[in-house]
1. What tally of residues in region 317-335 results from selecting those that are modelled with pLDDT under 85, surrounded by 14 or more Cβ atoms within 10 Å (Cβ to Cβ) and not acidic (D, E)?
2. Just the residues that are at pLDDT below 85, in a strand (DSSP E or B) and crowded, with 20+ Cβ neighbours inside 10 Å, please, taken from region 777-814.
3. Sort out which residues of region 694-714 are touching a strand residue (DSSP E or B) at 6+ places or on another chain (Cβ under 6 Å), over 12 Å from V652 (Cβ atoms) and not polar (S, T, N, Q), and write them in order of number.
4. Among the residues of region 452-459, are any at pLDDT 90 or above and assigned to a loop (DSSP other than H, G, I, E, B)?
5. Please work out if T637 is among the β-branched types (V, I, T) and either open to solvent by 50 Å² or more (accessible area, probe 1.4 Å) or assigned to a helix (DSSP H, G or I) (or both).
6. With (1) crowded, with 16+ Cβ neighbours inside 10 Å; (2) in contact with a His (Cβ under 7 Å, 6 or more places away or on another chain) as the list, and N440 as the residue in question, which single condition is left unmet?
7. Being part of a helix (DSSP H, G or I) and crowded, with 17+ Cβ neighbours inside 10 Å is the filter here; which residues of region 817-832 pass it?
8. For Q388, only one of the following conditions fails: (1) assigned to a helix (DSSP H, G or I); (2) open to solvent by less than 30 Å² (accessible area, probe 1.4 Å); (3) at pLDDT below 90. What is its number?
Amino acid sequence: MRFRVREILLVSSQYNLFLLEEDGRIYQFLRQEYFQLNLSHSPEIVRVSSGKEALDLLSEENRIDLVITTTHSGDIAVNDFARKVKETNQNLPVVHLVFDTSEFNPRLTSSTPKPFDRIFTWNGDFRIIIAIIKLIEDQQNVIRDVKLAGVQIILLVEDNIRFYSSYLPILYSELLSQSQTLIEQGINLYHKFLRMRARPKILLATNFEEACQYFDDYEEYILGVVSDVNYMRNDQRDEHAGIHLTRYIKEKKADIPILLQSHDLANQNKAYKAGASFLHKDSRYLLQEIQNFTIENLGFGDFIFKTEKEQEVGRATDLNSLKEMLKTIPDESLKYHSDRNHFSNWLKARREFWLAFKLRPRKLSDYDSVDDLRNLLVSSLDLYTSMQQRGVLTDFNKDTFDLEFGFSRIGSGSIGGKARGLSFLNQLVNNHDLHMKFDNVIIKIPSALVLGTHVFESFMNKNKLFKTVMDMQDDETILQTFLDAEFPNEISEQLFEYLEIVKQPIAIRSSSLLEDSQYFPFAGVYNTVMFANNQEHTTTRLVRLVEAIKTVYASTYSQRARNYMKYTSYRLEEERMAVVIQNLVGNTYGSRFYPDISGVAKSYNYYSVPPANSDDGLVSVALGLGRTVVEGENSLTFCPKYPKHIQQFSTVEQTLENNQNSFYAIELSHDHEHRIGDDKKYSMKEAEEDGSLQFSASTYSHENRAIYDGISRHGQRIITLSPILKQEIFPLPEIISSFLKLGKEGMGNDIELEFAMRFSKDKEKPHEFCLLQMRPIANKNDNIKITFSEKEKKNSLCFSDRVLGNGHIKNICDIILISRDSFDRSKTTIIADEIMQFNSQLSRKNKPYVLITLGRLGSSDPWLGVPVNWEQIAGVKAIIESGIKEMVIEPSQASHFFQNVSSFKISYFTINPKNEKHFLNWDWLDKQKTISTLRYVRHLRLDSPLSITINGRNNSGLISFK
């Protein structure tokens with residue numbers, strides 16, 4: 001634990017106390033100075049006027065961290081008092097503050113002025129108290145802080161009490177003032193705190209041996225040395241000890257700045273010859289010149305670019321201005337500073353330790369030309385500023401925002417669930433150094449800007465919407481109200497700055513307080529808007545961006561969100577919306593922009609098939625934007641551990657039935673009619689015209705009724721990812737498995753990942769795998785035994801070994817059933833409306849029900865099944881999804897629909913009519929009492945409740961009746 005002086009015991013006579021306090025103001029000065037320097041809480045001062053009183057207090061309490069005593073303490077001689085304190089607690093620092101040095105020799109003859117830890121002189125400057133405190137803290141903390149954080153050290157070598165009592169307040173004032181400046185340049189609050197904690201330490205040595213020992217112990221961390229020339233060496237006074245120390249240091253580290261001072265001007269040439277700067281101790285400007293040395297040589301001020309003739313050619317105040325100056329300064333100046341290691345020293349003083357270490361050996365002699373050195377310095381600064389922001393949520397600044405890896409915020413408040421997931425993903429990638437773990441692949445989280453929830457609250461309050469919107473019921477009215485509302489000007493100005501540097505397609509995504517929580521994910525409940533962001537004028541793009549943000553805000557109060565909220569423990573008025581503006585991943589193909597592959601991966605597979613098991617996970621992928629996957633349209637599903645065992649490819653017919661036939665992309669042209677989003681559906685023929693199928697498609701030959709890898713043949717294109725999953729040209733399964741494992745360990749829960757991939761068109765550049773979102777999903781922990789045989793059929797409604805859920809349900813007497821005799825695939829939209837009517841009736845009465853449907857439930861493609869949204873069946877407790885005899889359809893495991901099924905703990909049975917193990921008792925259903933019948937859907941009510949039992953580990957489930 002770091003040592004901090006929190007309470008000081010001041011032992012002094014009344015007169016000396018009066019001199020110290022200056023009418024009672026020393027405590028006020030101390031507090032004010034700590035506050036101005038942005039230090040932590042200033043120490044408390046306990047004042048006593050006698051040694052006895054002090055010793056009594058120390059024996060009774062153990063709260064004192066530092067004792068400061070003056071010469072005249074009254075009843076006990078000051079040396080005797082100090083010895084008694086050490087007898088009580090030998091680790092308690094005792095400092096002697098002297099008012100009159102005429103009574104003793106101000107030069108110390110040993111490093112430890114026994115029985116005191118240090119002796120200082122009072123010269124009327126209360127900053128000596130701060131210097132004493134900080135010097136004691138630095139001496140206690142130096143080993144820990146150097147080891148953990150690489151903190152730098154300034155070595156002060158001086159045996160004259162008067163001089164080091166004058167030097168230390170100056171040095172600490174400069175250190176603490178510089179810390180304040182660097183704190184202001186921090187990228188976020190946490191980074192500012194780290195900068196404050198990492199200020200250089202000052203170590204005081206009073207003889208040659210002590211100085212050498214400090215240098216040997218901390219050689220790699222010495223920032224600079226300020227030394228007298230005349231002090232003790234080999235137990236005797238040496239008038240040239242400082243010269244010897246300079247030579248000792250320069251032999252090991254020639255680039256460390258050293259300042260020597262002496263009363264004897266004859267030492268000036270000796271200092272210069274040894275490689276040190278020099279000051280005359282009798283100079284009337286001594287203290288000012290020491291201050292100038294720290295600023296110019298220890299990196300406390302601006303970086304001043306000079307030539308060999310000391311002519312100034314430029315200044316840098318921070319890393320960005322340093323980088324820009326490096327691009328233009330004369331070759332002579334670049335060589336001058338590189339040869340003297342000035343760049344590294346300046347960076348160390350500014351706490352940029354990694355970069356300082358990287359640049360330390362960068363001298364012109366190591367390179368073929370000045371331009372090679374210049375380019376390396378600039379690229380190193382670019383890399384460092386980018387790495388510094390990776391995984392760190394920073395306050396948005398257009399001058400420092402990283403277009404590749406930036407993660408910044410505008411506005412305070414919460415960043416919401418989705419942004420928290422992105423932040424955690426960033427942390428995982430950076431902590432495990434995964435950016436370049438796989439050959440020829442960059443792994444990253446796309447650059448994003450987050451609008452905090454306080455922006456939402458400001459918008460709502462500004463337009464007085466909190467109360468009025470709660471009474472609105474129509475989604476179109478709500479949306480128009482939000483679009484007509486005034487957006488905060490100060491936020492618009494910052495968004496304008498963002499759009500001036502970001503000119504690629506972006507997604508405007510919801511990130512509410514409750515979204516992506518472990519129990520209710522709100523998946524697919526709120527809106528996402530895709531925006532081409534390629535109009536010529538920034539003002540035009542700003543109007544569209546604000547329009548998209550308002551659309552996301554409006555979705556907070558949509559009927560879909562209200563219906564979803566009813567089935568949670570939350571209230572709609574508690575919800576607050578943050579917004580994530582994230583760069584879209586992809587390549588430009590003519591007038592379209594889209595990723596080569598996008599998808600969703602889960603760490604737990606509810607429908608595992610041997611050789612895979614449930615914990616091996618599941619991946620669903622598609623060509624183009626991820627909308628295909630999350631909305632339940634046809635996509636490719638595989639286990640990342642066994643990527644070559646793909647169930648939906650078991651037969652040619654099944655492969656064709658489950659093939660992706662269309663994809664979503666961003667429309668880049670501006671000739672379409674105005675709409676809020678720019679995403680659009682395209683045919684697979686257009687993807688082939690774009691040339692984007694080479695890594696994802698195979699070909700079906702109608703003549704041979706066979707599927708061939710690649711797209712060189714004529715025929716129907718099938719999205720198989722064969723080049724990746726079979727030929728292994730890209731390590732997609734390995735990457736996904738790694739992140740599912742890390743994410744599950746990090747969250748302590750099963751997870752779901754959204755991702756997108758971009759294959760590089762330039763063979764010299766790597767491909768990109770981008771993580772877009774991570775959310776927790778429920779796990780299955782119980783192990784319930786289920787047996788099913790012919791004799792159980794007479795008392796069973798349903799059995800399947802492809803079931804989602806776990807546990808027992810025993811309170812359901814209602815069934816909503818799609819009539820298999822009247823089912824028409826062309827009428828599934830009408831069927832969805834009829835289901836919604838029954839759902840509304842039963843929900844009002846708080847009656848859970850079993851829904852029995854045909855085809856894929858929740859698909860946005862009406863020909864694959866019934867296209868219900870979650871809110872249309874939100875009262876359901878168990879679902880039986882039966883395939884259609886003429887077309888067996890794979891369940892959509894990566895959709896938002898299934899995420900809600902999981903989170904609301906809905907039992908989900910899949911019945912494959914071609915699987916002999918599966919059973920659905922249609923005959924029994926036909927005999928049950930019908931309460932109401934619509935054209936395609938019936939409502940049945942049972943006299944006794946059904947019993948539903950599911951084993952979530954082997955995915956088996958049984959529904960039985962009495």
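1. Total satisfying the criteria: 2.
2. L804
3. A697, D709, I711, R713
4. Scanning region 452-459, I find at least one residue that is at pLDDT 90 or above and assigned to a loop (DSSP other than H, G, I, E, B), so the answer is yes.
5. In short, no.
6. (1)
7. Once the filter is applied, which keeps residues that are part of a helix (DSSP H, G or I) and crowded, with 17+ Cβ neighbours inside 10 Å, region 817-832 yields T828, I831, A832.
8. Failing condition for Q388: (2).
The values are calculated or read from the model by the stated rules, or taken from the named source; none is laboratory data. Note that this is a predicted model, so its numbers are computed, not measured. We place every Cβ from the backbone using ideal geometry, glycine too, and count neighbours over all the protein chains shown. Quick note on the areas: whole protein, heavy atoms, side chains included, nothing else; ligands and nucleic acids left out. Shrake-Rupley method; radii C 1.70, N 1.55, O 1.52, S 1.80 Å.
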